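Rule-based calculations on the coordinates, nothing more; no lab input. Computed from a predicted model, the values in this text were never measured in an experiment. Virtual Cβ from ideal backbone geometry, glycine too; neighbours counted across all protein chains shown.
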Amino acid sequence: MAEPQVPILVAVAWPYASGSRHLGHLAGAYLPADVFARFQRLAGNRVLMVSGSDVHGTPITVRADAEGVTPAEIADRYHAEFLDAWERLAISWDCYTSTGTENHAAVTHDIFLRLLEKGYIDRRTSDQFYDAEADRFLPDRYIEGTCPHCGYAEARGDQCEDCGRTLDPEELVDPRSKITGAEPEVRSTEHFYLRLSDFEESLGSWLDSREGWRRHVLNFSKGWIEEGLQDRAITRDLDWGVAVPVDDLGPGKRIYVWFEAVIGYLSAAKEWAQRQGDSEAWRDWWEGDDARSVYFIGKDNIPFHTIIWPAMLSGYGGLNLPTDVPANQYLTFKGGKASASRGVGLTIGEGLRLFEPDGLRYALAASLPEQSDTDISVEEIVRRINEELIATWGNLVNRVLSMVHARCDGAVPEPGDRTDADTELVADVDAALVSAADQIDRVELRAALRTAMEAAAGVNAYLNATEPWKLAETDPDRARVVLGTALDAVNGVRVAFTPYLPFSSAALEEVIGPVDAWRRPELSPGMPIGKPPPLFAKVDVEELFADDDGEPG
RNA sequence: GGCGACGUAGCUCAGCUGGUGAGAGCGCCCGACUCAUAAUCGGGAGGUCGACAGUUCGAAUCUGUCCGUCGCUACCA
């Protein structure tokens, strides 16, 4: 477990404001980041959790063109949708912004200019397709043609959606512009390139020295290095994006989205600092030797966070490289990769319509694809909520509070004379908190949640063994001691659930007091305990499947 | 095609720096209990750890080949 007061940057993948995000995104990045951040705060560390909507990039302009609106309208629409989702899920951002801010452009320009000055960025000329009718260069996605592999007539310049193969636009048979339908011509264009190859050696040894990283993350990243790093263009012929801070290239060029999106972590930290009224406050997380930075992303984002962003950071100089990138694998829905565009799985909004937020958070946290792709379904979410969360934890809270209310004069009893078994139960709970802390700190969030559930099951077993409902008739004093012990145990177990279940945890705080650190809080004897309402509502399967078309998702 | 990950009980997964009898949750069966959201607790059945070959005294764990699934393949980010 980390020493107290460590600055921890919780950097979370920037959701792409080109459409609704789905439960795979939630389980891949936002939920694990939130659990980790909530834990670290309780553990006494200084957490800065940042992200924002990525509002640039081709899919947004493609969608805007298709709908006949501006890219900004698309970005605004989904940015608002994301904000609403975060609020309903209680994702505890310190700063959630977007890449559309002036601050972000300024930070991007600072990094760009420094890298340019230090020679890590240079200019090169390349040939690219041009639509003379529309008077603009065409990104690969804006070129359509016949796939040379399968003959599909609507293949895109980057990929054929029919056979799934990756394409180069010049491979297309009968290429045409998606904008005007005109046959594109080849023109030379000048762009800035990031000299990634300059960092091949230093990044290689940096990766070799990483410890505790997930195997697939490390292997994948090293694989990139071994294949040889290629310099990458970081500007595009676009009119939607962050402006290029030098005018050498002339108009119609923008910084390409992948280069500026990762800079968002830094610009969001700076934006947060400005809002705090101390514009230098971000430095603790980015420059401190003791600071940690943990990046929560899906596996498709690995090279950007283990290769490209570290290259940019080390080229810039003086800023901390990622401490860990615990990228998740994919959440699959009945075997298929979740994809909002292909209609596989549930969007976050759909998930929130079907389930209460804590239930959804629990089910996803218990299924996080930490080591391998994990398959989930609506039925599985229901099972997790009803058979695990409610049966073991919700019911435990309810049975203990109900008995304390009924058998202890509706108040927290005095500890009294506890037996060895009594003190052992509470000691086991305290030990579980230590284990869970260690697991969460290592970003083993499924395991930590299991630790919490096992602790809850231990309290259930204690109750079955001691049978306080019988003692209440035969030995009321002993019954009060047992129930006080069980209440103390519940009081400890809830701490382990707090990062995962913010809503029900807050409800429980109303009853037995606040959780303000990663330890079992003191209970105040005499504190009144009313008749408790259930912490969670059971999911009614009949009702769920009776919804609209009978298909829950 | 290349690269990476994965393939372990009915389901979802852990274990994989090689070594006491292969695990967990849920489901299923039996029993206990009835305070509690028909919840809980105990016990049990159930797997030749994808296939084949190899290394080793010993492999789910290492190596090779094959089969299958998923992802990436640098203009999605």
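Rounded to whole Å, the principal axis extents of the Cα atoms in the stretch A:120-229 read 52, 34, 17, largest first. When the trypsin sites (Lys or Arg not before Pro) in the stretch A:182-288 are filtered for DSSP coil states and for at most 14 other beta-carbon atoms within 10 Å of their beta-carbon, no site remains.
Helical runs (DSSP H, four residues minimum) scored at -39500 (n - 2.57) apiece and divided by the length of chain A put the mean residue ellipticity at 222 nm at -13000 deg cm²/dmol. Just round it to a whole percent: the fraction of Cα-Cα distances in the stretch A:471-530 exceeding 16 Å. Within the stretch A:471-530, distances greater than 16 Å cover 47 percent of Cα pairs. Against chain A, whose longest principal axis comes from its Cα atoms, helix A:395-407 is set at around 30 degrees.
With kT/(6 pi eta Rh) evaluated at 37 °C and eta = 0.692 mPa s, and Rh the Kirkwood radius from Cα pairs, the stretch A:200-329 diffuses with a coefficient of 202 µm²/s according to Stokes-Einstein. For the stretch A:118-255, relative contact order (Cα pairs under 8 Å, six or more residues apart, normalised by length) works out to 23 percent. Applying both filters, DSSP loop and at most 15 other Cβ atoms within 10 Å, to the trypsin sites (Lys or Arg not before Pro) of the stretch A:68-122 gives A:LYS118. DSSP finds beta bridges in chain A, and of those with both partners inside it, around 60 percent are antiparallel.
Residues whose amide H lies under 5 Å from that of A:ILE376, counting only those 5 or more places away or on a different chain, are A:THR332, A:PHE333, A:LYS334, A:GLY335; hydrogens are built 1.01 Å from N in the peptide plane. Under a 5 Å amide H cut-off, with hydrogens placed 1.01 Å from N, A:SER293 pairs with A:LEU9, A:THR323, A:ASP324 among residues at least 5 apart or on other chains.
The loop-placed trypsin sites (Lys or Arg not before Pro) in the stretch A:342-406, going by DSSP, that have at most 13 neighbouring Cβ atoms within 10 Å of their Cβ come out as A:ARG342. Backbone N atoms of the stretch A:93-116 closer than 19 Å to the 7 Å Cα→Cβ label point of A:VAL69 belong to residues A:98-101.
Taking the convex hull of the alpha carbon positions in the stretch A:266-336 and averaging its projected area over all directions gives 6.0 nm². Structural size metrics of chain A, computed from C-alpha coordinates, are Rg and Dmax of 26.9, 93 Å.
So what is log10(I(q)/I(0)) for the stretch A:211-283 at q = 0.22 1/Å, when the Debye sum runs over its Cα atoms only? Calculated log10 I(q)/I(0) at the listed q: -0.95. Overall dimensions of the stretch A:377-512, expressed as equivalent-ellipsoid semi-axes from the Cα gyration tensor (√(5λ), whole Å, largest first), are 27, 17, 13. Pairs spanning more than 28 Å between alpha-carbon atoms, out of A:LYS118/A:LYS178; A:LYS118/A:LYS253; A:LYS178/A:LYS222: A:LYS118/A:LYS178; A:LYS178/A:LYS222.
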